[in-house]
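Beneath this line is the structure, given in structure tokens, with notes to follow.
FYI, it's all coordinate maths here, none of it is from the lab. In this text, all values refer to a predicted model and were calculated from it rather than measured experimentally. Here the Cβ is made from the backbone with ideal geometry for all residues, glycine too, and neighbour counts use every protein chain on show.
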Amino acid sequence: MTSDETERRQRQWTIAIALIAFLAYANAIANGFALDDRWIILDNPLVASVSGIWRAFGAPYWPNGLVGQYRPLVIASFAVDWAVAHGGAWWFHLVNLGWHVAATVLVLRLARQVLPEMGAIAAAVLFAVHPVHVEAISSTVGRCELMAAVFVLAGLLAHRAGRPSAVGWYVLALLSKESGIVLLGLAVCHDVLLTEAGWATLRVRRAWYAAYGVVIACYAGLLAWVFRGGQALVVQSITWDGATTVDRWLTMLRVVPEYVRLMVWPWDLAIDYTPRTLVLVTTVTPMVLLGAALLVVIAGIIVLTWRRAPVVATGLVWFAIAMSPVANVFFPSGIVLAERTFYLPSVGAVLVMGWVVAAVASRRTDRVPRAMILGAVAGAAAVFAVRGWVRTPAWHDNKSLALVWLETHPESYRGHAWASIVLSKTNAWAASGREAARARELYPADPGPYILGSEAALALHDTATALTLLDSAVAIAPTEAAPLVRRARIYAVYGNWPRVRADARHAYAMDSRFAGAIALEVGAAQHLGDVPAARAAFRRGLADHPRNRNLHLGYAAMLRAIGDPAMAARQDSLAAASPPARSDIDALDTDGP
């Protein structure tokens, strides 16, 4: 076969695999917005404005300030989508599909550089249809995984070719998701395992690594500036509450078999891996021992294939490096396990699968013809594609998500909590309360279901039950402001203004993001006739929230009432220049992430 024929055939396979990647998840275009899409997209003023394209670079990923993280390129892309489709969810999902197709083509390019053509095709096809990618592709906010993966893959390909653009791709990866930092480790992995000079390559390319180091230093400085108010970059998973380091390590050993299962046979998928779908492990169990044994076996395979089959070692090390930001080994992360985070690590797994296919093909006999090998790959890909296709509609909307969540994993306390939230949106308060109660039964250490239950009780005019549930929430999480704010609201219903003021003041002292606590404190002070205290509360709140329209309007009303029209007019003008509030008192929502 001539070089032109080879090139044409490779181009045809590239187009075919890109089409496979698109069709495998094409039904995601019919999905709407679900779960975190509300906070990241629908309620995010940056997304709804063209100016958000550049303003996103000065703001955290989560607009309500509840969680940190910094992913400005993703928010900017959502702002572009909103401007193009005026909030149409189909366009957001279509763009996600485009990112997945791009990632698949880059996986094919990488695989062709390290594997024979048949192995490269197998690796790319399996990546294109792998069911573990459902959440990253079908959930709109999963785009951060897709974008980071594309930029990391492009950066590694540029690094392999010795192109300076690798540094630029690294910047884009970091601005898409924090996990983009793993490009540095993957570059080291490549230079050590896939070059003839091995470790000596690191010295040859020290200028490259110096440039990557500068990028990381600048990124750290940018994070320090964005989160200069002391906000945490990551809020750790509730599973780690009260856990020791040993508990965390035992739990992650228990998770290792799940890693292997999700890569090899991802039939059972879970929307969430919090208790009791996956619980904290505090002692040695059979699954912990299995996880430890798997790690030993994998380490042994890496050692054996280090030089004999470096692609296998590279694939296994790739998975470990790409998974390291959420491996919970050195520090607790915001998750124990989440399928969306497998998008980039799965590249390592499919490279190993591609190597196996290529190895079998190179040693085939008359009893294992090429057609049989291709048939086996096609069969596996078809099974993967069917599983992904069937799973994708789970992310159609919040109701679909709740139904699938409870049907597949009824033991998940968060599934029942989510069902409580969905039911509350339809005013099915009795059912919402029952789901919240089930969530508390499954996992009593999270204040969220107590707050949800209190909201349902209030809607059913059972303030006594609501107050009892909030008392429990405060006892469970004495350092969290949300239960105190909601308890203050109930005390306001009873007219217990001293307790309203005490809870609101305490809540705001713990977490100044709760501007609604200021409104409650002011209302209590006014009912108690303490105008100086009300005025001081307004000033304290406006010092922290100078663009909060409701606080300005409330302060203006009070100033007019006490005979200070000039100052009231000034507050009115400041209110007019402030953006509309997302809620009547700007408190964080009960159903926050």
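Compute the Cα gyration tensor for the stretch 391-475, then decide on rounded, prolate or oblate, letting a ≥ b ≥ c be the square roots of its eigenvalues: rounded whenever a/c is under 1.5, prolate when a/b is larger than b/c in the other cases, and oblate in all that remain.
Oblate, since a/c reaches 1.5 and b/c is not below a/b.
Within the shell of other residues whose beta carbon sits under 14 angstrom from the beta carbon of Val279, the net charge comes to -2, with Lys and Arg scored +1 and Asp and Glu -1. Near Leu337: Cβ cut-off under 14 Å, other residues only, Lys/Arg at +1 and Asp/Glu at -1. The net charge is +1. Sites listed here are trypsin sites (Lys or Arg not before Pro) in the stretch 347-437 whose DSSP assignment is loop and whose Cβ has at most 11 other Cβ atoms within 10 Å: Arg363, Arg367. Would you please classify the overall shape of the stretch 398-576 from the alpha carbon gyration tensor, given that a ≥ b ≥ c denote the square roots of the eigenvalues, rounded means a/c under 1.5, and beyond that prolate means a/b larger than b/c while oblate covers the rest? Since a/c reaches 1.5 and a/b is larger than b/c, the shape of the stretch 398-576 is classed as prolate. Annotation for Met372 and Phe330: the two label points, set 7 Å from Cα along the Cα-Cβ direction, are 4.8 nm apart. For the stretch 233-324, trypsin sites (Lys or Arg not before Pro) are listed when DSSP marks them as loop and at most 11 other Cβ atoms sit within 10 Å of their Cβ; the list is Arg307, Arg308. The Cα atoms of the stretch 121-191 give a gyration tensor whose axes a ≥ b ≥ c have a/c of 1.5 or more with a/b no greater than b/c, which makes the shape oblate. When the chymotrypsin sites (Phe, Trp or Tyr not before Pro) in the stretch 117-200 are filtered for DSSP coil states and for at most 14 other beta-carbon atoms within 10 Å of their beta-carbon, the remaining sites are Trp199.
With one equal scatterer per alpha carbon and no solvent term, the Debye-computed log10 I(q)/I(0) for the stretch 18-393 at 0.07, 0.15 1/Å reads -0.31, -1.52. From the alpha carbon centroid of the stretch 302-344 to that of the stretch 236-279 is 15 Å.
When you restrict to C-alpha pairs under 8 Å that are six or more residues apart and normalise by the size of the chain, the relative contact order lands at 13 percent. What does the charge add up to near Cys144, with Lys and Arg as +1, Asp and Glu as -1, over the other residues with Cβ less than 15 Å from its Cβ? Its environment carries a net charge of -3. Using the Cβ-Cβ distance between Val246 and Ala557 with R0 = 56 Å, the FRET efficiency computed as 1/(1 + (r/R0)^6) comes to roughly 0.50.
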